[in-house]
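Novice: Attaching a single structure in structure tokens format; questions to follow.
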Amino acid sequence: MNLSIIIPVVNEEFHLKKLLPLLVESPAKEVILVDGGSTDDSKKIAENLGVKVIDAPKSRAKQMNAGTKAAIGDVLYFVHADSIPPASFYKDIEAHLEENIPFGCFRSLFDTKNWFLRINSYFSRYKGMMFRGGGQTLWITKSFFQELKGYDESLKLMEEYDFIKRASQKTDYHVIPKDVLVSTRTYDTNGNFKTQFIYGIIMFGFFRGVNQDQLIKFGKRWLK
């Protein structure tokens, strides 16, 4: 398995200092940082570690598609800068590919002892769109990614939910029973119940066809 790890970022120097050393020491073929216009030291940190750095327009869908075009691996692994995959991620993905499972994700575990977020994390072991999130990291064969024509670049939010929905309509996927450690920064800033409630409204609105700009405006109004 030749694995290309793709990380879309904008000003993530704090989290990259912790994440990138773990990834570059893995058996992955390459680590690609796709920068959407950072003004901090995100690119410098990556370059100093030998990570491939490319630029793309600020848009998670466009950044991840750009990373895929630059990737030389036959398997893609999309990781958020504020998520820490399990140490065994490479072997876990490889084992599932050997069972002809072309894509999947891990469970998520919020980096906190807060009971509300721990319960939230528990449900990520189950399938279903309401339990998914980009922070769980997503792996997929490059051939299947290309068959799906990548992420929908017309989307300004929820691009990973849309992608998983389209992929799961073509084949089954698996949630690997190991945890990705996920940052709680948005919850810490805005409060757990408020953040979860606003996220729920945005998700509901997205799948009901509410205008993206309206959803983004709503999110920015209520979440810092």
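The values are calculated or read from the model by the stated rules, or taken from the named source; none is laboratory data. Predicted model, so just to flag it, every value in this text is computed and none were measured. A quick note on method: Cβ atoms are made from the backbone with ideal geometry, for glycine too, and the neighbour counts reach across all protein chains shown.
Novice: When only residues in the range 121-138 that are assigned to a helix (DSSP H, G or I) and at pLDDT 90 or above count, which is nearest to the chain's Cα centre (by Cα)? Talk me through it step by step, then tell me what you get.
Specialist: Start the filter on the range 121-138 by keeping residues that are assigned to a helix (DSSP H, G or I), which leaves 121-125, 129-131, 134-136.
Now restrict to residues that are at pLDDT 90 or above: 121-125, 136.
Numbers: S121: 15, Y122: 18, F123: 17, S124: 14, R125: 16, Q136: 6 Å.
Top of the filtered list is Q136.
Novice: Now, a different point. Could we say that F145 is part of a helix (DSSP H, G or I), crowded, with 21+ Cβ neighbours inside 10 Å and either over 16 Å from the mean Cα position of the chain (by Cα) or in contact (Cβ under 8 Å) with a residue 12 or more places away in the chain (or both) here? Write out each step before concluding.
Specialist: Values: part of a helix (DSSP H, G or I): yes; crowded, with 21+ Cβ neighbours inside 10 Å: yes; either over 16 Å from the mean Cα position of the chain (by Cα) or in contact (Cβ under 8 Å) with a residue 12 or more places away in the chain (or both): yes.
Answer is yes for this residue.
For (1) surrounded by fewer than 17 Cβ atoms within 10 Å (Cβ to Cβ); (2) in the same structural domain as I93 (by TED's automatic domain parsing); (3) touching a helix residue (DSSP H, G or I) at 6+ places or on another chain (Cβ under 6 Å); (4) outside any loop (DSSP other than H, G, I, E, B), each residue gets a yes or a no:
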{"position": "S108", "(1), (2), (3), (4)": "no, yes, yes, yes"}
{"position": "I119", "(1), (2), (3), (4)": "yes, yes, no, yes"}
{"position": "I140", "(1), (2), (3), (4)": "no, yes, no, yes"}
{"position": "K149", "(1), (2), (3), (4)": "yes, yes, no, no"}
{"position": "L155", "(1), (2), (3), (4)": "no, yes, yes, no"}
{"position": "E160", "(1), (2), (3), (4)": "no, yes, yes, yes"}
{"position": "F163", "(1), (2), (3), (4)": "no, yes, no, yes"}
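Novice: OK, next. Considering only the range 40-59, state which residues are out of contact with any Leu (no Cβ under 6 Å at 6 or more places or on another chain) and among the hydrophobic types (A, V, I, L, M, F, W, C).
Specialist: I54, A56
Novice: In this structure, is F144 in contact with a Pro (Cβ under 7 Å, 6 or more places away or on another chain) and of a type in the set (A, V, I, L, M, F, W, C)? First the steps, then the outcome.
Specialist: Details: in contact with a Pro (Cβ under 7 Å, 6 or more places away or on another chain): yes; of a type in the set (A, V, I, L, M, F, W, C): yes.
Answer is yes for this residue.
Novice: Can you tell me which residues in the range 1-33 are of a type in the set (V, I, T) and either under 11 Å from A81 (Cα atoms) or surrounded by fewer than 18 Cβ atoms within 10 Å (Cβ to Cβ) (or both)?
Specialist: Listed by number, the residues that qualify are I6, I7, V9, V10, V24.
Novice: Moving on to the next point. Please determine, by comparing only the residues of the range 205-223 that are among the aliphatic types (A, V, I, L, M) and outside any loop (DSSP other than H, G, I, E, B), which one is surrounded by the most Cβ atoms within 10 Å (Cβ to Cβ).
Specialist: Here is the first cut: in the range 205-223, the residues among the aliphatic types (A, V, I, L, M) are 210, 215-216, 223.
Filter once more, keeping what is outside any loop (DSSP other than H, G, I, E, B): 215-216.
On the way: L215: 19, I216: 13.
Ranking the qualifying residues of the range 205-223, first place goes to L215.
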